[in-house]
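The values are calculated or read from the model by the stated rules, or taken from the named source; none is laboratory data. Please read all numbers here as calculations on a predicted model, not as lab measurements. Don't worry about glycine lacking a Cβ; one is built from the backbone with ideal geometry, like all the others, and counts go over all protein chains shown. Surface accessibility is based on the protein's heavy atoms, side chains included, excluding ligands, DNA and RNA. Shrake-Rupley method; radii C 1.70, N 1.55, O 1.52, S 1.80 Å.
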Amino acid sequence: MQKTLFALLATLLLSSSLLFSKTLVTVNGHKITDNIIPQGYEELDDTKKANLMEHLIKEELIHTHLLKQSFVNSSEFKEAFKQQKELAKEQYNKATGKTLNDEQIRNIKGSIALIMYQKQQLQATSIKDGEIKDFYNSNQDKFNFPNSIEIANIIVKTKENAQAIINRLKDDTNIDETFMKIAKEHKQNGYMGWFGEGMAPENLFNTAYKTKAKTLIKTPIQTKHGYHIVYLLNKKTAGKLSYNEAKENIGKMLKQQKVLKSLESKVNELYGNAEIVY
């Protein structure tokens with residue numbers, strides 16, 4: 001969770017290059033300046049500016065609310081904030097030659113608080129089996145799936161290189177482990193997961209789908225990305241997920257919806273009681 005969080009917040013900060021400290025709006029006495037908005041704000045039309053301003057106000061309100069909660073004193077929060085602050089400072093300085101100001105650092109802290117709060121709420125939220133079953137029965141069309149393949153994949157630039165890797169793998173008695181090892185040698189993940197028909201290059205999908213599961217395809221497959229070494233892990237004929245197959249993911253989705261709805265309600269409550277001065 002932390003790695004994803006760090007990358008996301010660093011990207012947000014690197015997009016903020018208006019450093020004139022112009023106050024855009026004051027929320028409950030706290031000034032929101034253009035230090036924390038993306039470059040190009042002045043070029044937005046009035047509707048987009050208004051939407052961005054509302055987002056910034058609501059973000060400030062929930063950040064302030066959460067930074068008063070006890071979990072910000074936890075070692076987990078402090079460590080996440082420390083690591084992200086140092087990473088963001090380094091990347092921001094590298095990109096702009098400047099240092100982060102207090103408002104930007106506070107924004108990082110608030111963003112971490114929001115993500116950790118949502119994580120806690122997800123863990124504390126429960127969904128009844130009846131809710132999951134009702135969703136499944138009421139949304140039958142959502143559980144249809146096309147012909148699908150599950151693959152591991154390595155991409156290289158030349159056919160010769162691809163064939164050499166295939167030759168290395170084809171007689172391997174521990175192909176699952178060796179495939180991933182070679183993928184890492186090429187700085188690739190290797191495991192690619194499931195692809196429905198139409199989600200992968202047509203020639204790759206068709207070649208893999210007509211192969212038996214747990215089979216290394218003996219010929220490189222060329223696409224616009226390069227030459228693919230494909231290991232078919234599994235495949236499914238088009239059909240519909242059963243309730244038992246879909247249950248776990250439905251539960252996760254309904255949990256997320258509950259948490260987001262609760263958060264939205266809290267933000268709207270804070271917004272309705274806020275003193276906002278433009």
³J(HN,Hα), Karplus 6.51/-1.76/1.60, whole Hz, each residue of segment 139-150, x for Gly, Pro: 9, 4, 5, 6, 10, 6, 9, x, 3, 9, 10, 10
Label point distance in nm, residue 26-residue 203, each placed 7 Å from Cα along Cα→Cβ: 6.6
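For the chain, what is the accessible area per residue in Å², given a 1.4 Å probe and the full set of protein chains? Walk me through the intermediate numbers first.
Values: 16780 Å² over 278 residues.
Result: 60 Å² of accessible area for each residue.
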Amide H within-cut-off set for residue 233, under 5 Å, with H built and near neighbours excluded: 150, 151, 152, 214
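What does the convex hull of the alpha-carbon atoms of segment 131-202 project to on average, in nm²? Provide the component values of the computation, followed by the final result.
Details: hull surface 29.8 nm².
Value for segment 131-202: 7.5 nm².
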Under 5 Å, built H, 5+ apart or other chain: amide partners of residue 147: 197, 238
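How high is the relative contact order of segment 161-245, given as a whole-number percent (alpha carbon pairs under 8 Å, six or more residues apart)? Please list the in-between numbers first.
Details: 69 pairs, mean separation 23.1, N = 85.
Relative CO of segment 161-245 lands at 27 percent.
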Nearest-ten-degree value, helix 159-169 long axis tilted from longest Cα axis of the chain: 80
Of all accessible heavy-atom area on the chain, the percent that carbon and sulfur account for (1.4 Å): 49
In Å², nearest 10: area of residue 199 left accessible to a 1.4 Å probe: 130
Identified option (computed percent of Cα pairs over 29 Å apart; candidates [x] 31; [y] 35; [z] 57): [z]
Tensor-based shape of segment 189-278 (alpha-carbon gyration tensor, a/c under 1.5 rounded, otherwise prolate or oblate): prolate
Part-to-part distance (alpha-carbon centres) for segment 141-209 and segment 250-266, which is given in Å: 35
Vicinal HN-Hα couplings computed from phi for segment 95-108 (Karplus, 6.51 cos²θ - 1.76 cosθ + 1.60; Hz; Gly/Pro x): 7, 10, x, 10, 9, 5, 9, 4, 5, 5, 5, 5, 5, 4
Residue-by-residue Karplus 3J(HN,Hα) for segment 181-188, coefficients 6.51, -1.76, 1.60, Hz, glycine and proline x: 5, 5, 4, 5, 4, 9, 6, 10
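Near residue 186, within a Cβ-to-Cβ distance under 13 Å, what is the net charge of the other residues, with Lys and Arg +1 and Asp and Glu -1? Mind showing how you got there, number by number?
Numbers: positive: 157, 168, 181, 184, 187; negative: 185.
That sum, taken over residues with Cβ under 13 Å, equals +4.
Counting pairs of Cα atoms in segment 96-222, how many percent are more than 21 Å apart?
Taking all Cα-Cα pairs of segment 96-222, the fraction more than 21 Å apart is 64 percent.
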